[in-house]
Structures are given as structure tokens and as C-alpha cells.
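The values are calculated or read from the model by the stated rules, or taken from the named source; none is laboratory data. None of the values given here were measured: they were computed from a predicted structure. Glycine gets a Cβ as well: all are built from the backbone with ideal geometry, and neighbour counts include every protein chain shown. Side chains are part of the model used for accessible areas, which takes the heavy atoms of the whole protein and leaves out ligands, DNA and RNA. Shrake-Rupley method; radii C 1.70, N 1.55, O 1.52, S 1.80 Å.
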Amino acid sequence: MSRFLDSMVEQARSDRKTIVLPEGNDTRTLEAAEQILKDKVANLIILGDANQIAASPYDLQGAQIIDPATYPERAELADALYQARKHKGVTPEQANQMLDDVLYFGVMLVKTGHADGMVSGACHATGDVLRPALQILKTKPNAKLVSSVFIMVVPNCELGEHGMFIFSDCAVVVQPSADELASIAINSAESWKALIGTEPKVALLSHSTYGSAKNDDANKVVEAVKKAKELAPDLALDGEFQLDSAIVPSVAKRKAPTSTVAGKANVLVFPDLDAGNIGYKLVQRLAKAEAYGPITQGINAPVNDLSRGCSAQDIYGVIAITCVQAQNNG
Ligand code: ACO
């Protein structure tokens, strides 16, 4: 396991949280669950048919298995779901039907305090995993919106925090406004503190450094920097920066000599989803970096998505990260 995941597992074990795994029909999920229980990383609730899960080759005796169809407290969950969505026209009957979807059922276990977080997506698309969380758990009071980060660990690299960075947002918000970008930057700094623990140094990225280009796209980032500084004056945050100004000390010296963040940034905030998504994949593929994410931020309780191509080991890592987020209140 990597140094980042080692630290997540160690932290998760120090104050065990309860994570719901809705995809009890997925063998990779069950394999990961067995190891999580064995290593005492988290308490688990697994959704699915108890007989089928018991017939799997994995030892899951320490997990609570819930079959949504026969759950004795289903009526209470349905009522809580109805209360949360009735303003959107959801009827009590529809709320009960929605619980047939394990993703809604899992989110309702989090909403009602039975679980601290949820990990899913081995067999579901990103939007399907996130939508119930966005609709029901909602955005944290100090976040304008839900977004996501990737933890990037670049081998043989001294830039950032010895090769470690947060990249955001690479997975959720397609075209953030300046206000939204400011919120993503501040929430990404909080994610850095929660997951890495050292001081975040946040750079808002652009194709322009300190006014070298003037156009609507660069101006959006300038505006976002201004708003973020107003909202979080104590945060080491600056921009707009080209990537090299943000992370390479010698370039920062020439292009942004007065900045305390330029050349030292460890949290890189991309101007939109195209840039972020392409950026993280470039670093992952060309620099052979480890990429952990997308890790959501800004939800009232942590809900994280898996890639459909994930391995049991990947699921194990995301569960540990979700536990650490739950310890830090999402
Ligand atoms: N923050 C907070 N709330 C949100 C957000 C957000 N970013 N986005 C949507 N919501 C809320 C809405 O306000 C709405 O709430 P309401 O029903 O109470 O009014 C609810 O969520 C549903 O909103 P929709 O707009 O219907 O949500 P939709 O499902 O269309 O979009 C989604 C949400 C799926 C996250 C969308 O933003 C999306 O598709 N993002 C891109 C995902 C993607 O393709 N990423 C790249 C691949 S991932 C990878 O490469 C790792």
C-alpha cells in the first residue's frame, strides 16, 4: 500500500466509523469488506440478500447485513425520505419505492444516523451514486456546493508536498462560476487539512499569471481568487497562476515574486472540469502518479464514488478515506 493509504488506514482505525456498502451483490465489494473487517478499519453495513452474501467465499460475520426489502425499519426510512423530498413533489408511496434503489437506501441509512458514510459505484455510474447524496444529505453549511478532489502522489518529485498534491475539481462541477470556484478552493484546503494534515497552499490555476493575459476565462479566476481571499483571509491562497508559476520555485520567482504561495502550491484548483479531468489523467498516465479519488467534499456526510473498473484493493482504500472524512465531519 502507498504511504498515503497507509496513513488513511491508520487514522481510520483510531476512531472506527460505520460505512454502508450498497453493492452487496459485487464480489470485489465483499472481498474488500472482508479485509476491512479483518484489519478493523471500519464497521460495515452491507446491503443485499443475507443468504447470498452468506454463501459468498468471504467471512463477513462482523458486518451488519441489511436486505432493503425486509428491513424492519423500512417504514421509518421511507417516512424520513418523504420528509426530505416532499417539497419536490415526492409522495409517501414514491419514497417507499425509491428505497428499492440501494443507493437511496444507503443514503437514508446515513441521513438517519445508522451509518457515517457510504462507498459505492463499483456497479453504478457517478451521477447515480452522487444524486441521492446531493438530494438528501445536501451541502454542508460552510460549502456553497459539492465538488471533489483527487489526491495525487507523483513519484520522484519534490514539488508540492514531496510530490503530493490535491487536484480539484476533476469530477463533479462542470463549469464553476467565480463564486463556485472560490468555494471549491476553500473546501479543497479543508480536505487537504483533513486528509494530509499539513498546511494547504492553494493555487487557482489559469493560462495567465498575475494578469499576463486578459480575457473572460482568466478574469473568472481573478474574481474567484478575490472572493476566496475575502471568505478565508487566513488561508495561504493565491492566483491566478499558470501551472509552472504555481509549483516551480524558479518560475514563481520570475512571474510572481511577491506571492507566498507561488512555487510552493500543494492544492491546485483547476478553472473547470475539462481542465481538471484532463489534468489529473495526464499526471496519472504520463508521470505514473497514484491518483486517489474522486473524493467528494462539501456533503453533510461523506459519500464516495468508485470507478466501475475498480479492484477490491481500490474499494478498501476508498473506505478508509471515507472513514477519515467522517472523523472530520465530511
Ligand atoms: N453541489 C450541491 N448540490 C448539487 C450539485 C453540486 N455540485 N449538483 C447538483 N446538485 C443538487 C441539485 O441542486 C439538485 O437538488 P434538488 O433536487 O434538491 O433541487 C440535485 O442535486 C439534483 O440536481 P441535478 O442537476 O438533477 O443533478 P444531476 O444528476 O444532473 O447532476 C452530477 C449531478 C451527476 C454530479 C453532475 O454534476 C455531473 O454529471 N457532473 C459531472 C460528472 C462527470 O461526468 N464527471 C467526469 C467523470 S468522473 C472521473 O473521471 C473520475
Segments 186-194, 79-87, 140-148 sorted - mean Cβ within 10 Å per residue, highest first: 186-194, 140-148, 79-87
Dividing the helical contributions, -39500 (n - 2.57) per DSSP H run of n ≥ 4, by the residues of the chain yields a 222 nm value, nearest 500 deg cm²/dmol, of -13000 deg cm²/dmol
In segment 279-322, whose amide N lies under 17 Å from the spot 7 Å out along Cα-to-Cβ of residue 56? List them in ranges. 306-320
Counting only backbone N atoms under 17 Å from a point 7 Å out along Cα-to-Cβ of residue 158, the residues of segment 237-271 in range are 247-253, 263-266
Charges only on Cβ, +1 for Lys and Arg, -1 for Asp and Glu: so what's the dipole of the chain about the Cα centre, in debye to the nearest 20? 860 debye
Tally Lys and Arg at +1 and Asp and Glu at -1 over the other residues with C-beta under 9 Å from the C-beta of residue 154: what net charge comes out? 0
For the chain, the percent of accessible surface on carbon and sulfur atoms (probe 1.4 angstrom, ligands and nucleic acids excluded) is 49 percent
Where does the chain land on the Kirkwood hydrodynamic radius, alpha-carbon pairs, in angstrom? 20.5 Å
Say a paramagnetic label sat at a point 7 Å from the Cα of residue 287, along Cα to Cβ; which residues of segment 190-214 have their backbone N under 14 Å from it? 203
Placing +1 on each Lys and Arg Cβ and -1 on each Asp and Glu Cβ in the chain, then taking the dipole about the Cα centre, the residue among 211, 122, 83 whose Cα reaches farthest towards the positive end is 211
What angle, in degrees between 0 and 90 and rounded to the nearest 10, separates the Cα long axis of helix 3-14 from the longest principal axis of the Cα atoms of the chain? 50 degrees
Heavy-atom accessible area per residue of segment 256-330, all protein chains kept, 1.4 Å probe, expressed in Å², is 39 Å²
Would you please classify the overall shape of segment 147-286 from the alpha carbon gyration tensor, given that a ≥ b ≥ c denote the square roots of the eigenvalues, rounded means a/c under 1.5, and beyond that prolate means a/b larger than b/c while oblate covers the rest? rounded
Among 174, 269, what's the order by accessible area (1.4 angstrom probe), most exposed first? 174, 269
